[in-house]
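What follows is a single structure, written as structure tokens, with notes after it.
The values are calculated or read from the model by the stated rules, or taken from the named source; none is laboratory data. Keep in mind that what you see is a predicted model, and the values were worked out from it rather than measured. With ideal geometry, Cβ positions are generated from the backbone for all residues, glycine too; neighbour counts draw on all protein chains shown.
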Amino acid sequence: MQSNTSVKKTILLAGAAGGTVEVVWVWLFCTVAPLQSSLVAEEIARSFFPQMAGISAVMAGVVIHYVLALLIAGVAAMTLFRMLGRKSEVRNLVAASVAALVAIWTMNFFVILPVVNPGFVALMPYTVTLVSKVGFGIAMGWVYGVRICASAGDAQQMTRGRLALR
């Protein structure tokens, strides 16, 4: 059984991995599109603090992004492990993580952001933002699968794609 500290570290790692995948994906998109990645960070901040601008908004946007990524990872850990039961396959954990992030993307881009910050919705094509969330889900699910298998000390199960939740 994983210790409480180990579970917290796993959640932090899963959230950081998912959040970083999104940052890198958006940055890559911005290198080929007429969009500055700093504007994306500013708009994240403006979703919470509409009057914010400049470098403080960029920094706040990045912090907000990672705080939300960690919150998502924490809620996902509690939910996914309950849904999937005591034993699951890594691929099922990744698939469930992707499904959760697609649901979050749908809620964000079709319900919340059009009201809170329509400018953010218009920054990038839906496909770019959707791929961002799918990448988050893959990274988060993979981290959970690998960390739990490693903590169980069952490398053979991990190589077969099975995950023993203890």
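List, please: which pairs have Cβ atoms under 6 Å, are six or more places apart or on different chains, and start with a residue in the range 14-30 that is closer than 10 Å to Gly137 by Cα and end with one that is part of a helix (DSSP H, G or I) and among the β-branched types (Val, Ile, Thr)?
Correct list of pairs: Ala14/Val143; Ala17/Val143.
Go over the candidates Val102, Val143, Val131 one by one and state the one that is under 14 Å from the mean Cα position of the chain (by Cα) and at pLDDT below 95.
On the way: Val102 fails: at pLDDT below 95; Val131 fails: at pLDDT below 95.
Matching residue, one of Val102, Val143, Val131: Val143.
Of the numbered conditions (1) in contact with a Gly (Cβ under 9 Å, 6 or more places away or on another chain); (2) assigned to a helix (DSSP H, G or I); (3) without any contact (Cβ under 8 Å) to a residue 40 or more places away in the chain, Met83 fails exactly one; give the number of that condition.
Looking at each condition in turn, Met83 falls short on (1).
Are any of the residues in the range 2-17 modelled with pLDDT of 95 or more and of a type in the set (S, T, N, Q)? So that I can check it myself, show each step before the final result.
The first filter runs over the range 2-17 and keeps only residues modelled with pLDDT of 95 or more, leaving 12-17.
After this cut, where a residue has to be of a type in the set (S, T, N, Q) as well, the list is none.
No, the range 2-17 contains no residue that is modelled with pLDDT of 95 or more and of a type in the set (S, T, N, Q).
Within the range 10-39, count every residue that is loosely packed, with under 14 Cβ neighbours inside 10 Å, part of a helix (DSSP H, G or I) and of a type outside the set (Val, Ile, Thr).
The number of residues fulfilling the criteria is 2.
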